[in-house]
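Structure record follows, encoded as structure tokens.
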Amino acid sequence: MSAEAYTSLYFVRHAESRFIEGQERERGLTEQGNLDAKKVAQLLHKEDVEVFYSSPFLRAVHTIQRLADLCGKSVFIEEDLRERTLSGTHVKHDDFYEAKRQLYDDIAFAFPGGESGIQAQKRAVNTIEQMLGEHRGKKVVIDAW
């Protein structure tokens, strides 16, 4: 198989962001998160990435936007790369970390109105498989969940 046939995926986890109840999609990065996003851009810039995908959550977009700008590319927003829905109701800050722990301890568990790890994984994998078909032989950054 020639080198052109290989597709490289670079998975980036969003940088630090403070939990703000009810603002899952809108919250940006902390000062440390911005510094870390700058490091991500410096590290990956030499890779000549061609395509950038992000979840719709601002903290994810902000984490890879600097790198995309350096490469002269746009960030494509993909809804199905979003973090899983924790529950149908807002989770209070004091309960947030315990709720997350419960979800990570049992990937099949979901709170009412929420999404299990298995459900979120299937959603993301389907999306990534589509990207692989569409961007064969390219270098792709994905910032998701």
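The values are calculated or read from the model by the stated rules, or taken from the named source; none is laboratory data. As the structure is a prediction and not an experimental result, all values here were calculated from the model. Cβ coordinates were reconstructed from backbone atoms using ideal geometry, including for glycine residues, and neighbour counts include every protein chain displayed. Please note that ligands, DNA and RNA were not included when accessible areas were found on the heavy atoms of the full protein model with its side chains. Shrake-Rupley method; radii C 1.70, N 1.55, O 1.52, S 1.80 Å.
The table for this structure:
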item	result
Residues located in the stretch 136-145, provided they are open to solvent by less than 60 Å² (accessible area, probe 1.4 Å), among the hydrophobic types (A, V, I, L, M, F, W, C) and in a loop (DSSP other than H, G, I, E, B)	Ala144
Residue count, the stretch 108-145 (criterion: under 16 Å from the mean Cα position of the chain (by Cα) and under 22 Å from Gly72 (Cβ atoms))	5
Those residues of the stretch 28-51 which are surrounded by 19 or more Cβ atoms within 10 Å (Cβ to Cβ) and in a loop (DSSP other than H, G, I, E, B), in sequence order	Leu29, Val49
Candidates Ser54, Ser17 - the one that is modelled with pLDDT of 95 or more and either open to solvent by 90 Å² or more (accessible area, probe 1.4 Å) or within 20 Å of Ala144 (Cβ to Cβ) (or both)	Ser54
Contacts under 9 angstrom Cβ, first residue in the stretch 2-18 being over 21 Å from Ala68 (Cβ atoms), partner part of a helix (DSSP H, G or I) and modelled with pLDDT of 95 or more, 6 or more apart	Arg18/Gly33
Enumeration of residues in the stretch 95-135 that are open to solvent by 40 Å² or more (accessible area, probe 1.4 Å) and over 19 Å from Leu81 (Cβ atoms)	Asp95, Tyr97, Glu98, Arg101, Gln102, Asp105, Asp106, Ala108, Phe109, Phe111, Pro112, Gly113
Unmet criterion (only one of (1) closer than 18 Å to Ser8 by Cα; (2) surrounded by fewer than 18 Cβ atoms within 10 Å (Cβ to Cβ); (3) of a type outside the set (Asp, Glu); (4) in contact with a strand residue (DSSP E or B) (Cβ under 7 Å, 6 or more places away or on another chain)) for Ile77	(1)
